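Here is the structure we will look at, set down as structure tokens.
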Amino acid sequence: MSNHSIQKAESHSLMHDAKKRRILGDILSHLFLAVMAVIWLIPIVWVFAESFNKNTAPYTKTFFPTEFSLDNYIGLFTDKTVLDFPKMFMNTLIVACFVCVISVVFVLAVAYCMSRLRFRTRKTFMNVVLILGMFPGIMAVSAIYFILKAVGLTSEGLTTIALILVYSAGSGAGFYVMKGYMDTIPTSLDEAAMLDGCTRLQVFYKIIIPICKPMIVYQAIIGFLTPWLDFVMAKVICRTQSNYTVALGLWLMLQKEYIQNWYARFAAAAVVISIPIAILFIVMQRFYQESMSGSVKG
Amino acid sequence: MTTATLSPREMKRRRRMGADYVAPSPYSVRNALTKGDVFTKLSAVVFGLGNIVRKQYVKGVALLALEVAFIVFMITNGVNYLSKLPSLGTQKQGKQLVDGFWVYVQGDNSVVILLYGVCTIVACILFVYLWTISLKCAYKAECLTRQNGKAPSLRDDLRALTDEKAYQLLMFLPTLGILVFTVLPLIFMISMAFTSYDRNHLVLFDWVGFENFGKLFSTGNGTVSARLFIQVTIWTLVWAFFATFLNFFLGMFFAMVINRKTTRFKGFWRACFSMSIAVPQFVSLLVMHTMLQPTGAINRLLMQWGWIDQALPFFTNTTWARVTVIIINLWVGIPYTIMQITGILQNIPADLYEAAKLDGANWWQIFTQITMPYIIFVLTPYLITTFTGNVNNFNVIYLLSGGAPVPIGDSAGTTDLLITWLYKLTVDKNDYNLGAVIGIMTFIVLAVVSLITYRNSGSYKNEEAFR
């Protein structure tokens, strides 16, 4: 009898403890996340606030601006005499869309071949790509320019094509993460599909691609972001200002000749650029489905 | 093909690769030349002949057309390009007296000669590859005609491309892209390391052999020296180590805190951290750069609050600068890690967890026995690519610190990585040959580090562990 009650009390306190511990953990983790979120958001909030700053000079007395106006945005899109921002924006958007699609297709194709198909040059290809990846990319920049020049793609108007080629052509080499993901998909799915008469190509687009959605999202974001972020390659390829991408334009705004007048507009431009990227992000978030464990019924 | 006819080399390969082993095709060049009939053998000279005879017209004509195109190219330009390659051009730009008039003579441009020469060599290599394809195709057509009465038609070939040969279809364009925009420029740049293409020889230069490598390891006080090289290399490795592993472990910690069962507003937290990806890295780095200047917003704010008397030396003191770039890089990199690891956490088969819970495992055991091995398994290649990416992380260093602080008289600052040093040498100083040498050294450093780790990783040795 007494034995029984002690056991009951013990289990009760243990339950109590576990609950307490869980609540404590909850408080701590939410606190931690809140503090970190603030740290991550401050620079972004600052850029946003600065974009409405009436004072266009870079070094002001206070951390956050005190007077606000819309002049920076209006100036950014209407004042085309010094820097033609709308043109740069369109250039980059076009390049980014193409690069996004091409790089996703390339990466999926290569990753599927490496993960699922077995052919003689497979390991060789993987090792060669690994070795190529170890050469610093900057090293090839000027060489790529010489090659594009020899083909005639550096002339006015063709630089957009040149940029698309440069950003997407080598993207097949970045298949490793996607392949790692595909390696975790059970082969029994492929086998079942092949028994049902699918060709390997059908297995690829009917089975593997739908399962890989979360990773495709990741890859698409990476591909889309490349042209917005890169400025080394763009700087070498786009020699005239009418072909500039956004990254080059922003970089130009912070150079000594421009910074005094363009600092607040720089922030406005940063906000404008972030909008397509953020929209893309929200759309793609939907593909982040919970749990994948339902694909094979054991 | 039976095992008995495999050469010793093939047997070794088969033992080494295990289940991944793919037997060589019986339609090899050697078999084609020894066992093929007269048409197959003639295909070594007239590409596609064997195919045309066996009624594979499209294939045969395509091969023939490629051969003709190559020969025409070689006769019109290729031979000329190759002949100039050893000297890299000698004609100086200038004016000459012709019939009493001064005539401007266009000189040779060594860069162009080098580029065309390299392209021609690559074209020749591709031609040899085409030759093997021609022989193999002809022999295959011959064998299949003997076996089945007729060679596979174009439709059969196309159908094979969607099934057992799907890899040829899928890999063609990506491989071509890599070849033209990665391999070709690399060969071109590597060859520059052996020339005298520097700021004093911008138009005409010569082959100089290993002289540039000697400069890099000299003890003198030139643009590059052994002291600078060792200093930059060590900092590059330290930087890459911290940038990779701090990002990985902290990012994993963040992701797991967000993914806890009882954490509320998961989507909101994820969105908060993803916000910094939405702002281009480029912009946030430039903003941070201006904020951290001696007269920038942060120093001003701290002084206003009375916490410090003089500006913190974010980019003027070596240690400060190094710690600053690593911390700012955390800000940039952790959201990416969170995204990656969240995707992977969601992909861990739920039955593994259920089984573990039934067996009475606590969360620590679940973490070390299931979550960690799984993440490491999927992410080892990612970690290695991140490490190489960080060694080559141009943006963060160049835009944030620009290599500062730079000791007077040195060509590299104390936060300069090999890659930014390379950029400064090639773009700012026009010393292309030294830049190429540093590029090659970077490659060697990376190759040694990552080949060792990669070959020992679980996902390379055993690709199917988690299927």
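Residue-wise test of (1) more than 9 Å from chain B (Cβ to nearest Cβ); (2) out of contact with any Ser or Thr (no Cβ under 6 Å at 6 or more places or on another chain); (3) part of a helix (DSSP H, G or I).
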position	(1), (2), (3)
A:LEU132	no, no, yes
A:THR160	yes, yes, yes
A:VAL177	no, yes, yes
A:ALA193	yes, yes, yes
A:LEU201	no, no, yes
A:TYR218	no, yes, yes
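I need the helices (runs of 4 or more DSSP H) fully contained in segment B:204-279, keeping only those with at least 2 residues that are aromatic (Phe, Trp, Tyr) and exposed (fewer than 15 other Cβ atoms within 10 Å of the Cβ). Full working, then the answer.
Values: elements: B:211-216, B:226-259, B:266-278.
Answer list for segment B:204-279: B:226-259.
Residue under question is B:GLY149, and the condition is that it be of a type in the set (Gly, Ala, Ser), over 20 Å from B:ALA32 (Cβ atoms) and crowded, with 17+ Cβ neighbours inside 10 Å; does it hold?
Taking the combined requirement at face value, the residue does not satisfy it.
Does B:GLN340 fit the bill of being surrounded by 15 or more Cβ atoms within 10 Å (Cβ to Cβ), within 30 Å of B:LYS261 (Cβ to Cβ), facing chain A (nearest Cβ under 10 Å) and touching a residue at least 12 places away in the same chain (Cβ under 8 Å)? Reasoning before the result, please.
Details: surrounded by 15 or more Cβ atoms within 10 Å (Cβ to Cβ): yes; within 30 Å of B:LYS261 (Cβ to Cβ): yes; facing chain A (nearest Cβ under 10 Å): yes; touching a residue at least 12 places away in the same chain (Cβ under 8 Å): yes.
Criteria met by B:GLN340.
Select, from B:VAL257, B:VAL287, B:VAL283, the only residue that is in the same structural domain as B:THR371 (by TED's automatic domain parsing), closer than 25 Å to B:TYR398 by Cβ, over 26 Å from the mean Cα position of the chain (by Cα) and without any contact (Cβ under 8 Å) to a residue 24 or more places away in the chain.
When all the criteria are applied, what remains is B:VAL287.
Assuming A:ILE74 fulfils every condition listed in (1) at pLDDT below 85; (2) under 30 Å from the mean Cα position of the chain (by Cα) apart from one, which condition is it?
Just one mismatch for A:ILE74, condition (1).
Count, please, the residues in segment B:299-355 that happen to be of a type in the set (S, T, N, Q) and under 18 Å from B:THR386 (Cβ atoms).
Residues meeting the conditions: 4.
List the number of the failed condition for A:PHE85; all other conditions in (1) crowded, with 19+ Cβ neighbours inside 10 Å; (2) modelled with pLDDT under 90; (3) over 22 Å from the mean Cα position of the chain (by Cα); (4) within 9 Å of chain B (Cβ to nearest Cβ) hold.
Evaluating A:PHE85 over (1) crowded, with 19+ Cβ neighbours inside 10 Å; (2) modelled with pLDDT under 90; (3) over 22 Å from the mean Cα position of the chain (by Cα); (4) within 9 Å of chain B (Cβ to nearest Cβ) leaves (4) as the failure.
Please work out which one of (1) more than 14 Å from every other protein chain (Cβ to nearest Cβ); (2) small (Gly, Ala, Ser); (3) more than 19 Å from B:ASP157 (Cα to Cα) is the condition B:GLY60 fails and give its number.
Looking at each condition in turn, B:GLY60 falls short on (3).
Would you tally the residues in segment A:228-255 being among the polar types (S, T, N, Q) and assigned to a loop (DSSP other than H, G, I, E, B)?
3
Please count how many residues of segment B:439-454 are under 15 Å from A:GLY137 (Cβ atoms) and free of Cβ contacts under 8 Å to residues at least 40 places away in the same chain.
1
Take the conditions touching a residue at least 60 places away in the same chain (Cβ under 8 Å) and either surrounded by 16 or more Cβ atoms within 10 Å (Cβ to Cβ) or part of a loop (DSSP other than H, G, I, E, B) (or both) and apply them to B:LYS41. Does it pass?
Criteria not met by B:LYS41.
Kindly list the number of the only condition in (1) at pLDDT below 85; (2) assigned to a helix (DSSP H, G or I); (3) at the interface with chain A (Cβ under 8 Å from one of its Cβ atoms) that fails for B:THR295.
Every condition holds for B:THR295 apart from (2).
The values are calculated or read from the model by the stated rules, or taken from the named source; none is laboratory data. Computed from a prediction, not measured in an experiment: that's the story for all the values here. Because the Cβ atoms are built from the backbone with ideal geometry, glycine has one as well, and the counts that use them run over all protein chains shown.
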